[in-house]
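To start, the structure under review is shown below, and the notes come after it.
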Amino acid sequence: MRLAEERRQGIIDVLAEAKAFAALIPETQPAARVGAYRLLLDGLERLTSLEQKLGYLPTDMAELGHKRKFAEEIAAIFVEHDLPPEVRKAVLEVLDAAEGVS
């Protein structure tokens, strides 16, 4: 895991350098600017892929929408039934634990 985190930070560092480099390229050199932006896009793709493998980002963006809808439905039930704070906390702890299992 430490190696993956180091790789992630390395990609982030390279992206920052590439972004700074791209900003320095004059508009009179469009081919060089395109190359710099391709480097940025490749780096972002690699970072996204690594972050998905590390669990920082969902692999399926539709999954994120489903989780948001589920959370909104749970929140509406809490409000509708005026649940005490300790019950809300207990339910959220169970949901958090279940998230780690799936």
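Numbers below:
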quantity: Length released on extending from residue 29 to residue 4, taking residue separation times 0.36 nm less the Cα-Cα span; calculated: 5.4 nm
quantity: Choice from 91, 34, 14 showing the highest fluctuation, given a GNM over the chain with Cα pairs closer than 10 Å; calculated: 91
quantity: Shape category assigned to the range 61-101 from the gyration tensor of Cα positions, a/c cut at 1.5; calculated: oblate
quantity: Rg/Rg_ref, the chain, where Rg_ref = 2.2 N^0.38 Å and atoms are Cα; calculated: 1.65
quantity: Sum of -39500 (n - 2.57) over DSSP H runs of 4+, divided by residues of the chain (222 nm, nearest 500); calculated: -29000 deg cm²/dmol
quantity: Residues with amide H under 5 Å from that of residue 57, placed H, sequence gap 5 or more; calculated: 52
quantity: Sites residue 42 and residue 69 - FRET efficiency at Förster radius 35 Å, r taken between beta-carbons, to 0.05; calculated: 0.55
quantity: Contact order relative to length of the chain, as percent, for alpha carbon pairs under 8 angstrom and 6 or more apart; calculated: 21 percent
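Read the figures in this text as sums done on the coordinates, not as results from a lab. Predicted model, so just to flag it, every value in this text is computed and none were measured. We place every Cβ from the backbone using ideal geometry, glycine too, and count neighbours over all the protein chains shown.
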